[in-house]
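Shown next, in structure tokens, is the structure this report addresses.
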Amino acid sequence: KTIYVLNGPNLNLLGQRQPEIYGSETLEDVEQLCREAAGEKAQIRFLQSNWEGQLVDWIQEARTEACGIVINPAALTHSSVAVLDALNMFDGPVIEVHISQIHKRESFRHFSYVSKRADGVLAGLGVEGYQAAVRRVLSLTRA
Ligand code: DQA
């Protein structure tokens with residue numbers, strides 16, 4: 001089985017981007033953490049785009065290719081009905097991850113469209129949130 005790990009806008013610059021908020025690990029480091037968390041139990045398809053439509057396409061693809069989705073929608077969290085609508089067509093578990101503690105930050109980050117669909121939400125655990133999210137997908141899809 002395959003878990004899709006999807007990352008939204010500006011996360012390609014993780015490590016360089018406001019490290020005081022997002023830490024010094026890069027997105028490659030996060031990919032490695034996800035692969036370690038999945039171990040032999042699942043394949044990881046790890047993807048990032050700055051484009052909303054690309055994320056929608058990947059979520060649609062996941063309907064037939066993935067047993068679960070881990071998603072850090074980044075800024076699209078707070079704006080994208082399209083990402084929410086796509087996730088609503090996906091049948092497996094969806095876990096939402098935010099590296100930072102969005103509820104401690106600006107009020108525009110407190111609302112998440114994606115949380116209307118997500119089965120779990122992790123915020124403020126740093127990149128460790130991704131590991132916990134992968135483990136949660138594994139336990140929810142344990143056959
Ligand atoms: C983020 C939080 C969002 O508010 C922000 O737009 C991001 C990253 C996080 O991982 O903490 O790009 O999703």
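Where a number appears in this text, it was derived from the coordinates with a stated rule and is not lab data. Just so you know, these numbers come straight off a predicted model, no measurement behind them. Cβ placement follows ideal geometry from the backbone for every residue including glycine, while neighbour counts extend to all protein chains displayed.
Full extension of the chain between Lys116 and Val81 gives 11.6 nm of extra length, using 0.36 nm per residue less the Cα-Cα distance.
Please sort through the DSSP H helices of the chain and keep those with an alpha-carbon extent of at least 15 Å along the long axis and a Kyte-Doolittle average not below -0.5. Intermediate values should be presented prior to the final figure.
Working: long enough: 27-38 (16 Å, -0.34); 52-65 (20 Å, -0.94); 128-140 (18 Å, 0.08).
Long hydrophobic helices here: 27-38, 128-140.
On the beta carbon distance between Gln54 and Lys1, with R0 = 35 Å, the FRET formula returns roughly 0.90.
Provide, as a two-decimal number, the C-alpha radius of gyration of the chain over 2.2 N^0.38 Å, N being how many residues it has.
On the way: Rg = 13.7 Å, N = 143, 2.2 N^0.38 = 14.5 Å.
Here the answer is 0.95, to two decimals.
Considering only alpha-carbon pairs that sit under 8 angstrom and 6 or more positions apart, the relative contact order computed for the stretch 2-140 is 29 percent.
Measure out, as a whole number of angstrom, how far apart the alpha-carbon centroids of the stretch 128-143 and the stretch 33-88 sit. When both Cα centres are located, 14 Å separates them.
The chain: longest stretch without exposed GluC sites (Glu not before Pro) (DSSP loop, at most 10 other Cβ within 10 Å), sites themselves excluded?
Working: sites that count: Glu40, Glu106.
Of all site-free stretches, the longest is 41-105.
Each stretch of four or more DSSP H residues adds -39500 (n - 2.57); spread over every residue of the chain, this sum gives -10500 deg cm²/dmol at 222 nm.
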